[in-house]
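Asker: One structure is given below, represented as C-alpha cells, and several questions about it will come after.
Every number here is computed from the coordinates shown, using simple stated rules; none is lab data. Predicted model only: the values in this text are computed from it and were never measured. All Cβ positions, even for glycine, are placed from backbone atoms using ideal geometry, and neighbour counts span all protein chains on display.
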Amino acid sequence: MIKRRTRATTLTEDDFVNGVTTDQSNETTKPDPKAPRKFKSHTLPLNEYEYNLLVELADKYGQTHSGIIRYALKQLALKDN
C-alpha cells in the first residue's frame, strides 16, 4: 500500500527568507556535557615537547590523552567565568 506524502504546514516565501521554521521554540538548548562523543572529531598536530607533556599528564592523572585535553578545556572554560 502506498502512503502519500502530505504537507503539514507550508511556509510563506517571506517566512522562509526570514528564517522562520515550522517547529519554532523560544528556548535555547544547552548541549549535554554527558552526551556521546559523536558530534565532531579533531586531529591535533603536536610537536615532541607537547606530546611528551601530554603523555606525562596522562600518566600522572591516570587518564587518556583525549581525557587530559577535555579536562584542560573544561578548566579553561571555568576560569573565564
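Asker: Between Leu73 and Leu57, what length in nm is gained on full extension when 0.36 nm per residue of separation is reduced by their alpha carbon distance?
Answerer: Details: separation 16, 0.36 × 16 = 5.76 nm, distance 1.42 nm.
Difference between extended and current length: 4.3 nm.
Asker: Here's another thing I want to ask about it. Using Cα atoms only, what is the angle between the long axis of helix 48-61 and the major principal axis of the chain, expressed in degrees (0 to 90) to the nearest 10?
Answerer: 90 degrees
Asker: Separate question: For an R0 of 25 angstrom, estimate the FRET efficiency from the Cβ-Cβ distance between Asp15 and Lys38 and round to the nearest 0.05.
Answerer: On the way: r = 32 Å, r/R0 = 1.29.
The calculated FRET efficiency here is 0.20.
Asker: Of the candidates Thr64, Thr12, Thr29, which one comes out as most mobile in a Gaussian network treatment of the chain with C-alpha springs shorter than 10 Å?
Answerer: Thr12
Asker: Please compute, over every Cα-Cα pair in the chain, the percentage with a separation greater than 15 angstrom. Please report the intermediate quantities before stating the final value.
Answerer: Numbers: 2495 of 3240 pairs.
Result: 77 percent of Cα pairs exceed 15 Å.
Asker: Below 24 Å, Cα to Cα, which lysines can Lys38 reach? Residues fewer than 8 away in the same chain don't count.
Answerer: Within the straight-line cut-off, Lys38 pairs with Lys30, Lys74.
Asker: Assuming 0.36 nm per residue, please report the length gained on full extension of the stretch Asn47 to Asp80 beyond their Cα-Cα distance.
Answerer: Working: separation 33, 0.36 × 33 = 11.88 nm, distance 2.69 nm.
Going from the current span to full extension adds 9.2 nm.
Asker: Could you derive backbone 3J(HN,Hα) for the stretch 64-81 from the dihedral phi with the Karplus parameters 6.51, -1.76 and 1.60 (θ = phi - 60°), listing whole Hz in sequence and x where the residue is Gly or Pro?
Answerer: 7, 4, 5, x, 5, 5, 4, 4, 5, 4, 5, 5, 5, 5, 5, 5, 6, 7
Asker: Of the trypsin sites (Lys or Arg not before Pro) in the stretch 26-80, which ones lie in a loop per DSSP and count no more than 11 other C-beta atoms within 10 Å? Spell out each step's value before the answer.
Answerer: Values: sites: Lys34, Arg37, Lys38, Lys40, Lys60, Arg70, Lys74, Lys79; in loops: Lys34, Arg37, Lys38, Lys40.
Passing both the DSSP loop test and the Cβ count: Lys34, Arg37, Lys38, Lys40.
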